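Here the structure is laid out as C-alpha cells; the discussion comes afterwards.
The values are calculated or read from the model by the stated rules, or taken from the named source; none is laboratory data. Remember, it's a predicted structure, so these values are computed and weren't measured experimentally. Note: ideal-geometry Cβ built from the backbone for every residue, glycine included; neighbour counts use all protein chains shown. Keep in mind that these areas ignore ligands, DNA and RNA; they rest on the heavy atoms of the full protein, side chains included. Shrake-Rupley method; radii C 1.70, N 1.55, O 1.52, S 1.80 Å.
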Amino acid sequence: MSARRTAARRTTNSSVVPAIPGGSGLSRIRKHGTVVAGLAALALTVSACGSDDKDSKSGGASSSPGGEAKAGGKMTMLAVQDSKTLDVFRTAYVAVADEPRLAALYDPLFYIDTKTGKVEPHMGESLASADGGATWTLKLRAGVKFSDGTPLNAEAVKLNYETHAKQETQSQHRAAAAMIKTEVVDETTVKITNLMGPNPNFDRTVATELTYIEAPSAINKGIDAAGAEPVGAGPFMLKNWVRGSEQQFVKNPNYWQKDKGLPKLDELTIKNVPDIKQQYATIKSGGADIFHSSDGARLADAEKELQVQKMADLGGQMIQFNMTKAPFDDPRARRALALAFDPADIPKTLQNGYVPAKSYFNPSSPFFDPTQVQEAQNKDEAQRLINELAAEGKKLEFKFLIPKNPSSQAVAEYMQSRLAQMQNVKMEIDSVEIGAYIQKYAIARDYTAMLFQQWIVDPEPQLFNSFHSASPLNFIGWKNPEADAALQKGRASTNPDERKAAYNELQKQILKDLPVWVYADSLIGPIYSKKVTGVQQYNTGVVFMDRIGFKS
C-alpha cells in the first residue's frame, strides 16, 4: 500500500445513503430492505468444495512457474454455470462463480494479495486513511478509460457505490456501500466517510466488495441493460453471449495497460460445463485451457497431470444452523448434530478429497488458534443429548436444505445415513434448485439447517457481515455479545496481534454456541493445461485476466 496521504478538501459533489427514521447503523439496512449477500451465490458451486491438501498455504499473487505469456492467442475457460447477469452489482465475487468474468470485464481497483494478506492497488493508485479509518481517500490512476472511451473517474466510482446502496438494485454487495458517504474531490479523488465510525480495515471491504467499477454509460441505461451489455475498463469486452452456453470476450482497445502489451490474449471464451469431472477431462484432453475449482480430488489430480495453484481460505464446507427456529434454537440440538459426525469419515466414505476441518479458521491461517478446535465425534454424548431433548418433547426432526447437485446430495445422504443409526432423530433432505435455495435461506430464512460453503481471504469484512448480530447478512440469527465485541475489535485494529486475539475470541464463541459446524476445509485454485502461463491469483483465488496467456 502507498503511504497515507491527506486528500484535497475541495468538494464538488457528495452522496449519503438516506437514513431510515427510527433506525441507526446496520439496523437501518435491515429496515431498508433485505440484502442478498454475495455469500448466497456460493451455493452455486457448493458441489465443488473441499480440498486434499491440509498443508496448503495461501498462494500469493505470484506469477505461474511458466513465466510471462506470449502475446496473442485464444483461450477457453470453463465454468460450472452461465451468468444470470454481468453487472458488478448482482454478481458473486467468487472465483468459482462470476468473478473470472468480472476480472476480464472490469479489473479490480484494489485487491488482497493472497500471499501477504495486504491490500494492493491495481486500477486504483492509493487508498489511505489519515484519521484511523473514519475517512478514506481513494485515488484513481489518471487517464483510465472504459472500453467505450468514457473516463473511469471519481464520478464513476461515486455512481457505482450509490447504485450498490440502493435497495432496488438488489446488489449482493449493498451492505458494504450502504454505510458510507462518498464525495468527489477532483477527477481522480474520492473521499469516503464511514457512517458507522472509524474502520481502519475498510480498505479490505473495498478490495473484496467494491473493487469492480462499471461505466456510468451502462448503468444509466438501467440495471438490466448494464447486466446484459456490460461496459468496464478491464482487459476484455463482451463480444457475444449465447445464453446457457458460452460468452466470448475480445481485447479492449482502450485498456489502460495496453502500452505494456496487455492483455496477452486476443480473445477469451468462457463455456459452461456443469460437471466438474467433465471440466477436468476437457482440460486434460486439450478441449479447453483453464477452470477454477474447489474440488479436492480434481485439485490433487491436477498436481500430477496438469498445472494448479491452490490456496487455503477461511470458512469451508459446513452445516449452518438457523438459531431462531426449532429444533436448532436449542444449543443441545446443535451440539448433538456436531458430535454425531466425524469429519474424517466423510472423505473416507465418499472419496471426494475433502480435508477434515478442525475449525472455521483454516490451520494455515495466521488467525488459527490450535487450542480452539471443534470437539471430536462422540456418538454416545450425541445420543444422550438427543434423548434428553426427546424426553422434553423436542424430538430432533428437521429438514436439511441443500442446493440440487450430485455432490451436495451425496454429503446429505451420508449424514442422513449416519443419523438413521441413532434413535429419536430424523433428517429429511430438502434439495432445491439454486434460486429456491437462495430464496429460502437468504430471503425468507425458511430453513432449520443447511449445507453451506464460504471462501474468505481475510476475516474483514465477511465475518462481521456473517456473524455480527446487527448485520443484515446474519442469516443464522446468531446473537452473542462476546462475538459482537470480538468482531468489532477485529474490525477496529490493524495490529496483527490485536486482530489475532480478537478472532481467537470469536473462534471460542463459535465453538461455544455452534452457529455453524465445519466439516471440510476451504481450498480453491485454478486448474490449467501445461501450455498456459501467467497465472496470478488475488482475493479468494480469482486469476488476473490481463497477464494470463500461453507459453512461447
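Miscellaneous remarks
- Under the convention that each Lys and Arg Cβ holds +1 and each Asp and Glu Cβ holds -1, the size of the dipole of region 147-220 around its Cα centre is about 300 debye.
- Given 13 as the ceiling on other Cβ atoms within 10 Å, longest exposed-site-free region of the chain for GluC sites (Glu not before Pro) in DSSP loops: 188-374
- Working note: 222 nm ellipticity from helices only, DSSP H runs with n ≥ 4, each -39,500 (n - 2.57), summed and divided by the residues of the chain, gives -8000 deg cm²/dmol to the nearest 500.
- Coupling constants for region 180-188 follow from the phi torsions by the Karplus curve (6.51 cos²θ - 1.76 cosθ + 1.60, θ = phi - 60°), and in residue order they are 10, 10, 10, 9, 7, 8, 7, 4, 10 Hz; glycine and proline get x.
- Simple rule: put +1 on each Lys or Arg Cβ and -1 on each Asp or Glu Cβ in the chain, find the dipole, and look at ASN424, ALA302, THR116; the Cα lying farthest toward the positive end is THR116.
- Working note: Debye formula, equal point scatterers on the alpha-carbon atoms of region 238-310, no solvent; log10 I(q)/I(0) at q = 0.13, 0.19 Å⁻¹ is -0.52, -0.90.
- Mean Cβ neighbour count within 10 Å, used as a protection proxy, ranking 81-92, 96-107 highest first: 96-107, 81-92
- Student exercise, the chain dipole from Lys, Arg, Asp, Glu Cβ charges, in Debye to nearest 20: 480 debye
- Residue-count net charge about GLY66 - beta-carbon cut-off 9 Å; Lys, Arg +1, Asp, Glu -1: +2
- Loop trypsin sites (Lys or Arg not before Pro), region 505-535, which have at most 16 other Cβ atoms in a 10 Å radius of their Cβ (DSSP): LYS530, LYS531
- Using a probe of 1.4 Å on the protein chains alone, the accessible area found for ASP342 is around 50 Å².
- Cα convex hull volume per residue for the chain (Å³): 136 Å³
- Computed magnitude of the charge dipole of region 395-552 (debye, nearest 20; Cβ of K, R +1, Cβ of D, E -1): 360 debye
- Each listed q (0.14 Å⁻¹) maps to a log10 I(q)/I(0) for region 426-544, found by the Debye formula over equal Cα scatterers with no solvent: -0.77.
- Percent antiparallel among DSSP beta bridges (both partners in the chain, rounded to 5): 75 percent
- In sequence order, calculated HN-Hα J values of region 111-123 (Karplus, 6.51, -1.76, 1.60; Hz; x Gly/Pro): 8, 9, 5, 6, 8, 9, x, 8, 7, 10, x, 10, 6
- Selection from ASN405, ALA391, ASN378, by position along the positive dipole direction of region 363-411 (Cβ): ASN405
- Under Karplus coefficients 6.51, -1.76 and 1.60, residue-wise ³J(HN,Hα) of region 332-337 in Hz, glycine/proline x: 5, 5, 5, 5, 4, 5
- GLU125 long-range amide H proximity, modeled H, under 5 Å: LYS139, LEU140, ARG141
- Applying Stokes-Einstein at 4 °C and 1.567 mPa s to the Kirkwood radius of region 141-278, computed over alpha-carbon pairs, gives a translational diffusion coefficient of 78 µm² s⁻¹.
- Peptide packing: for 281-288, 449-456, the average count of neighbouring Cβ atoms within 10 Å per residue gives the ranking 449-456, 281-288, highest mean first.
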